[in-house]
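Working notes, beginning with the structure itself.
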Amino acid sequence: MRFLLTDEQREFARALDGMLGAAGVPAAARAWASGEHKPGRALWARIAQAGVFGLAVPERYAGAGRLPVELAVSFVELGRHAVPGPVVETVASAAFLTRLGDAGAAAAGEWLPRIAAGDAVLSLAAGAPYALDADAADVVLVVEGDTVRRTDAHGPVQPSLDPARRLSRPLGGTVLARGPAVSAAAAHARDLARLTTAAQSLGLGRALLAATVAHVKRRTQFAVPLGSFQAVKHRLADALIGLELAEPLVYAAALAVAAGAPSAGREVAAAKAAAGEAGYATARTALQLHGAIGYTEELDLSLWIRKARPLRDAWGTPAECRTRVLEG
């Protein structure tokens, strides 16, 4: 099995990195946290133009085809730049509607082309009481057992560790489909959500590590760079090792999903646990080596640090993912 990215995939990642770097993402994230979605929707459109959402949509619905490896590459960059909004939930919704079959044909025809074009923001609540960014979504898909309903109504926004992750309880709605197909589609959507969340955690960890290395090179103590101290080097090395070990697991899981391998769910869970914990450990290191100033509102780094723990736990905590691995 090949774990290395191709030249085309690496170039795609570089192009996306460059686009997001010039897109003013921190300002959009701060606006999103305050409930102002216009800058975030403009950013969403640019991401769609780059082809990201089309990677989760079949060609017959104006997408690029389902390409999990390229999707993972994309979400590493979205995590690297702390892009706000239910990006994971939207691609998971696309996977859900695609797998729903005849029962969801009308909804797939309605929403999948819009997802690919960046015209629609969807959220998905599968086995959880809250939906992410329901206040910004055009529609929320709520999966309960073998039933899925669609709604655009929601309760009050709940506080979150990451202000840009706005949670609320979906309300009411109409039944979209019932039956075993719903459960099967939800399981596939959950795997894709775990994979893309793992990729986000990996990208977030890379960004935090780079920012922290730059900081300890600049900051001095006793007239020498902070990064020259052995204890600081050890902390940074531990963070790097965690991220380096998680990266091949993420791409191996993406390959398993692409191949429809029976082990895909287990491999995705392993990647999610490793990447989530590596990203969170790197955030803790970044916080400590910045002397806690990284958690202040004034520093953009807080947008990344505050996101690490919610991403670690979203779509399956490390304990839940390890349980999935052990189930075989």
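Around the amide H of HIS154, modelled in the peptide plane, lie the amide H atoms of LEU171, all under 5 Å away and 5 or more residues distant in sequence or on another chain.
Whole-Hz Karplus values for region 44-49 come out as 4, 5, 5, 5, 5, 4 Hz, taken residue by residue from phi with 6.51 cos²θ - 1.76 cosθ + 1.60 and θ = phi - 60°; glycine and proline positions read x. Most simply put, region 58-205 has about 75% antiparallel DSSP beta bridges, counting only bridges with both residues inside it.
Of all DSSP beta bridges confined to the chain, the antiparallel ones make up roughly 75%.
Averaged across orientations, what area in nm² does the convex hull of the alpha carbons in the chain project?
Working: hull surface 65.4 nm².
Averaged projected area of the chain's Cα convex hull equals 16.3 nm².
For the residues LEU240, LEU71, LEU299, a GNM of the chain with alpha-carbon springs under 10 Å puts the largest fluctuation on LEU299.
Compare the Cα positions of ALA184, ALA207, PRO225 along the charge dipole of region 184-327 (+1 at Cβ of Lys, Arg; -1 at Cβ of Asp, Glu; about the Cα centre) and return the one farthest towards the positive end. Result: PRO225. Taking every Cα-Cα distance in region 278-328 and sorting them into 5 Å bins starting at zero, the pair-distance distribution P(r) comes out as 5, 21, 22, 18, 12, 10, 6, 4, 2, 0 percent. In the chain, the longest principal axis of the Cα atoms and the axis of helix 318-327 are about 60 degrees apart.
Taking amide H as placed 1.01 Å from N in the peptide plane, the amide H of LEU176 sits under 5 Å from that of VAL148, ARG149, ARG150, each at least 5 places away or on another chain. Shape class of region 71-167 from the Cα gyration tensor (axes a ≥ b ≥ c, square roots of the eigenvalues): oblate, since a/c reaches 1.5 or more and a/b does not exceed b/c. Comparing Cα centroids, region 50-124 and region 3-19 end up 19 angstrom apart. Both radii are taken from the alpha-carbon atoms of region 184-327; with Rh as the Kirkwood radius, Rg/Rh is 1.06. In sequence order, region 114-122 has phi-based couplings of 5, 4, 4, 7, x, 8, 9, 10, 10 Hz under the Karplus curve 6.51 cos²θ - 1.76 cosθ + 1.60, θ = phi - 60°, and Gly or Pro positions carry x. I'd like the orientation of helix 180-218 relative to the chain: the angle between its Cα long axis and the longest Cα principal axis, in ° from 0 to 90, rounded to 10. Taking Cα atoms only, the helix is inclined about 20 degrees.
Largest first, the extents of the alpha carbon coordinates of region 209-254 on the three principal axes equal 46, 17, 7 Å.
Taking amide hydrogens as placed 1.01 Å from N in the peptide plane, the amide H of LEU167 sits under 5 Å from those of ASP133, GLN158, each at least 5 positions away in sequence or on another chain. Compared with the dominant Cα axis of the chain, that is its longest principal axis, helix 301-313 is turned about 50°.
Couplings for region 269-278, taken from phi via the Karplus curve 6.51 cos²θ - 1.76 cosθ + 1.60 with θ = phi - 60°, read 4, 5, 5, 5, 5, 5, 5, x, 6, 5 Hz in order; Gly and Pro are left as x.
Every number in this text was worked out from the coordinates using simple rules, so none of it is lab data. Treat the numbers as computed from the prediction; the structure is a model and nothing was measured. Note that we place each Cβ from the backbone using ideal geometry, even for glycine, and neighbour counts take in every protein chain shown.
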